[in-house]
Amino acid sequence: MKKRYLAGLLVLVLIMTSLVGCSGQASTSDNANQTAPEKQIVWKVQGYTPAGTLYDEYGKRLADNITTMSNGRLKIEWYPADAIVPSVDGPQAVRDGVLDGLFDYSGLWSSVEYAAPLFCSSPGLFSDPTDMVAWLDYGGGRELLQEMGDKFGVHIEPAGVHDM
């Protein structure tokens, strides 16, 4: 449980620090050097669990944090599972521009990519989540995962690995 919490916290910190430069504010308080505010970007992102569940709450919090940290420049409109498309149709919805992003797990991709569950379970190759992360980061797993995303024209960013 502690490892899962720390892994989730690390992912959130990494996301937050990567957005520090997204504020759109000028670096000086001199009004002459400031430019007009940039146009707001709005992304529709759907989760994979019903409204009110733990992962839905995580997704809403992440969406709110991204909007806040970007000073509103990047607004994430959060939708729970099946609000726009059925969860299993998420990859196609991103490919087709119906959604701008997904907060899901690769097992939902099994309808379009039979190898997808390898990236969200311990199929005998891994003894624990640490092994899975090592494979993703150092054993070529991340590249294989992105190959799966490339078939849909999407970028995949693993956000966490934990045991069930």
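The values are calculated or read from the model by the stated rules, or taken from the named source; none is laboratory data. Here the structure is a predicted model, which is why all the values come from computation and not from measurement. All Cβ positions, even for glycine, are placed from backbone atoms using ideal geometry, and neighbour counts span all protein chains on display.
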Notebook entry, point to check: Of everything in region 63-88 that's of a type in the set (Ser, Thr, Tyr) and under 15 Å from Glu38 (Cβ atoms), which residue is farthest from the chain's Cα centre (by Cα)?
Noted result: Ser70
Item checked: Residues that are in a loop (DSSP other than H, G, I, E, B) and β-branched (Val, Ile, Thr), drawn from region 37-84 -> Thr49, Thr53, Ile84
Next item on the list: Could you list all residues from region 90-107 that are of a type outside the set (Gly, Ala, Ser) and without any contact (Cβ under 8 Å) to a residue 60 or more places away in the chain?
Entry: Arg95, Asp96, Val98, Leu99, Asp100, Leu102, Phe103, Asp104, Tyr105
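From the list Asp137, Asp131, exactly one residue is at pLDDT below 85 and not in a loop (DSSP other than H, G, I, E, B). Which is it?
Asp131
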Notebook entry, point to check: Looking at (1) touching a residue at least 24 places away in the same chain (Cβ under 8 Å); (2) surrounded by fewer than 20 Cβ atoms within 10 Å (Cβ to Cβ); (3) charged (D, E, K, R), which is the one condition that is false for Asp64?
Noted result: (1)
Next item on the list: Quickly run through region 85-110 and pick out the residues that are buried (at least 16 other Cβ atoms within 10 Å of the Cβ) and under 11 Å from Tyr48 (Cα atoms).
Entry: Val85, Ser87, Val88, Asp89, Gly90, Leu102, Phe103, Asp104, Tyr105, Ser106, Leu108
Margin query: Out of everything in region 85-99 that is part of a loop (DSSP other than H, G, I, E, B) and touching a helix residue (DSSP H, G or I) at 6+ places or on another chain (Cβ under 7 Å), what residue ends up being farthest from Gly139 (Cα to Cα)?
Written below: Val85
